[in-house]
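Heads up: the structure comes next, in structure tokens.
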Amino acid sequence: MTPVTRQEVLGLYRKIFRIAKKWQSASGQTEETIKEKDYIKNEAKTLFRKNKNVTDPKLIKQCIEECEARIEMGLHYNIPYPRPIHLPPMGLAHKQGRMLRQQEKLRKISKPIYLKSHDEVS
């Protein structure tokens, strides 16, 4: 990891914790706000620790883009949780055969960047 990339990653990590510190839930309820703050902190810790040994520059760039996208989505919608994909799992595929494999491949390709690591951690 280059020093510039390292600074960028650490800056994102600090930014997430600053956001968590100031976070206010959409409902305004204290327990909901605390729950969401804890989720933000735990999600950041989990994902950053999971990816701390990544050395491939393309994969590092992808992780940074995902982090930035999730930050922007969370701030825009005031929801710390990733937004779900609106298609039911395997809803368009036949139950077996080539179409199922092709549908799985299409879903994997079409998954939004802000959800790439969510399924791996949850």
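The values are calculated or read from the model by the stated rules, or taken from the named source; none is laboratory data. All values reported here derive from a predicted model rather than from experimental measurement. Cβ coordinates were reconstructed from backbone atoms using ideal geometry, including for glycine residues, and neighbour counts include every protein chain displayed. Only protein heavy atoms, including side chains, enter the accessible area calculation; ligands, DNA and RNA are left aside. Shrake-Rupley method; radii C 1.70, N 1.55, O 1.52, S 1.80 Å.
Some notes on this structure:
- Extreme residue, most open to solvent (accessible area, probe 1.4 Å), among residues of the range 52-72 that are under 16 Å from the mean Cα position of the chain (by Cα) and free of Cβ contacts under 8 Å to residues at least 40 places away in the same chain: 52
- Test: residue in the range 41-50 that is in contact (Cβ under 8 Å) with a residue 40 or more places away in the chain and more than 24 Å from residue 78 (Cα to Cα): yes
- Residue in the range 19-26 that is of a type in the set (D, E, K, R) and at pLDDT 95 or above present: yes
- From 41, 45, residue being surrounded by fewer than 14 Cβ atoms within 10 Å (Cβ to Cβ) and among the basic types (Lys, Arg): 45
- Within this structure, residue 64 passes the test of being under 21 Å from residue 78 (Cα atoms) and at pLDDT 90 or above.
- Among the conditions (1) modelled with pLDDT under 70; (2) touching a His at 6+ places or on another chain (Cβ under 8 Å), the only one that residue 108 does not satisfy is (2).
- Residues satisfying the stated conditions in the range 2-16, i.e. of a type outside the set (Ser, Thr, Tyr) and surrounded by 13 or more Cβ atoms within 10 Å (Cβ to Cβ): 8, 9, 12, 15, 16
- Flag if residue 69 is among the aliphatic types (A, V, I, L, M), modelled with pLDDT of 90 or more and in contact with a helix residue (DSSP H, G or I) (Cβ under 9 Å, 6 or more places away or on another chain): no
- Within the range 17-38, considering residues that are among the hydroxyl-bearing types (Ser, Thr, Tyr) and surrounded by fewer than 14 Cβ atoms within 10 Å (Cβ to Cβ), the one nearest to residue 70 (Cα to Cα): 27
- The range 1-85 holds helices (runs of 4 or more DSSP H) entirely within its bounds, and those carrying 3 or more residues that are among the hydroxyl-bearing types (Ser, Thr, Tyr) map to 30-50.
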